[in-house]
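Down below is the structure, laid out as structure tokens.
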């Protein structure tokens, strides 16, 4: 039960991290924030999004390592990265508004 909770948290962390890294790009930022008229992200916002993305991906790895031994944890983390990247890509394609919560963190 504990491993399942840790791996679920790792998947959520990886998804948030991929979302923040995607929002650090001007094109994806514009997709999510077009109707709010905020324009392009500032340099500080881009830096904040990149740092948050890297920290979230690192947290996902740490959670995987906490849940299982190293060789299996790295494999699960890479699979979580792939699943998170696919989820964010599909969200940006069909429902970019779903990522507004992640954009809110950047300001």
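The values are calculated or read from the model by the stated rules, or taken from the named source; none is laboratory data. As the structure is a prediction and not an experimental result, all values here were calculated from the model. Using ideal geometry, Cβ is built from the backbone for each residue, glycine included, and neighbour counts are taken over all protein chains shown.
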Margin query: Which pairs turn up if I take residues in region 1-21 that are without any contact (Cβ under 8 Å) to a residue 40 or more places away in the chain and look for partners that are assigned to a helix (DSSP H, G or I) and surrounded by fewer than 18 Cβ atoms within 10 Å (Cβ to Cβ) with beta carbon separation below 7 Å, at least 6 apart in sequence or on another chain?
Written below: 21/50
Margin query: Residue pairs, Cβ under 9 Å, 6 or more apart or interchain, first in region 51-66 and at positive phi and part of a helix (DSSP H, G or I), second crowded, with 20+ Cβ neighbours inside 10 Å and at pLDDT below 95. List them.
Written below: none
Next item on the list: Go through region 26-50 and give me each residue that's loosely packed, with under 14 Cβ neighbours inside 10 Å and not in a helix (DSSP H, G or I).
Entry: 37, 39, 40, 42
Check: Which residues, taken from region 67-107, are free of Cβ contacts under 8 Å to residues at least 40 places away in the same chain, in a loop (DSSP other than H, G, I, E, B) and more than 26 Å from residue 45 (Cβ to Cβ)?
Finding: 69
